[in-house]
Amino acid sequence: MFFSLFTFLALALPLPAMSSSNSTCTPEKIQTRIEWANMASDGQKSYLKAVKCLMQLPAQTGIKGTVTRFDDMNAMHQVQAKAIHLVLLRDECGYKGPTPWWDETRDAGNFMDSPLLDPDTGFGGNGTGLENCVTDGPFANTTLHIGRRSHGGYRCEPWCFIDRLWWKWQSEDLDSRLYQLGGPSAQGGTEELTLDYVMTTYGIRPNVTIKEVMNVEGGFLCYKYDY
C-alpha cells in the first residue's frame, strides 16, 4: 500500500497549479494546501473521487505500459519525479477543493491509525495477507498497470513536501534566497543549473523554467500551505 499511497500523494506535487503560465497570483486566486486531517470529510471524499476519476480516463502520453490517465502520472513520475499531477484532477476530473498534504509528524509512532488510512474518508488501509492486497477504502482491489521502479522498500522520506520546507527557508530572507540555486542538473552531472533551465512535463503540461517556479506564492504556482 505504501507505494500506491505515495503515488496518490504525488498528485499534489508542485508545478503548475494554474492553467496558464501567464497567470498572475493575487490573494483572491492563491490556493491553500490543507493537511489531510484538517480537511472536512466531504472534501476528502471529493479528492479521492477525483483520483479515481483519473483511473477511468484513457492514457494520453503514449508511454509504454500506460492504460489510464492515472498511469500517465505514474509513468511520468518515474522519468520526471518533480513533474506535476494536480492540475489534471481539476481540468479533467472537475476537482474544485483544496490540495491536501500529509504532515507525517502528526502520526509519527502510530501511522496505522492515521486519518490518511481511514477506509471511509482516507485512502484505505495497508493491505492484508502475505501480499498486502488493499481490501478496503476507495482503492480496494485496484489494478495498477505501472509497477514500482528501481528500488523496493518503503518510501518514508518527506520528499512530497520539500517545497514547503524550501519555502520556509526562502521566506526567512526572500531578498537573497528566493532565486538561490546551484549545482548540476543531475546527480553526478556536469550541466550547471541556471534559472533559465527548462523542466519538461513530457507533454502533459507546458514546460517551465526554474525561475518560474521558485516563488510558490508567485504568478505561476500560486499556492500556500495551511501551516
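The values are calculated or read from the model by the stated rules, or taken from the named source; none is laboratory data. This is a predicted model, so every value here is computed, not measured. Here the Cβ is made from the backbone with ideal geometry for all residues, glycine too, and neighbour counts use every protein chain on show.
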Residue that is farthest from residue 40 (Cα to Cα) [pool: residues in the stretch 97-114 that are exposed (fewer than 10 other Cβ atoms within 10 Å of the Cβ) and polar (S, T, N, Q)]: 110
Test: residue in the stretch 206-215 that is out of contact with any strand residue (DSSP E or B) (no Cβ under 8 Å at 6 or more places or on another chain), at pLDDT below 90, assigned to a loop (DSSP other than H, G, I, E, B) and under 28 Å from residue 103 (Cβ atoms): no
Residues satisfying the stated conditions in the stretch 28-54, i.e. part of a loop (DSSP other than H, G, I, E, B) and buried (at least 17 other Cβ atoms within 10 Å of the Cβ): 39
Members of the stretch 75-98 that are at pLDDT below 85 and touching a helix residue (DSSP H, G or I) at 6+ places or on another chain (Cβ under 6 Å): 77, 83, 85, 86, 89
In the stretch 162-195, the residues that are hydrophobic (A, V, I, L, M, F, W, C) and in contact with a Leu (Cβ under 9 Å, 6 or more places away or on another chain): 181, 193, 195
Residue check, residue 103 out of contact with any Gly (no Cβ under 8 Å at 6 or more places or on another chain), closer than 18 Å to residue 35 by Cα and modelled with pLDDT of 85 or more: yes
Count of the stretch 126-148 residues which are over 15 Å from residue 46 (Cα atoms) and either buried (at least 18 other Cβ atoms within 10 Å of the Cβ) or not small (Gly, Ala, Ser) (or both): 16
Filter result (part of a loop (DSSP other than H, G, I, E, B), among the hydrophobic types (A, V, I, L, M, F, W, C), modelled with pLDDT of 85 or more and within 20 Å of the chain's Cα centre (by Cα)) within the stretch 107-163: 123, 139
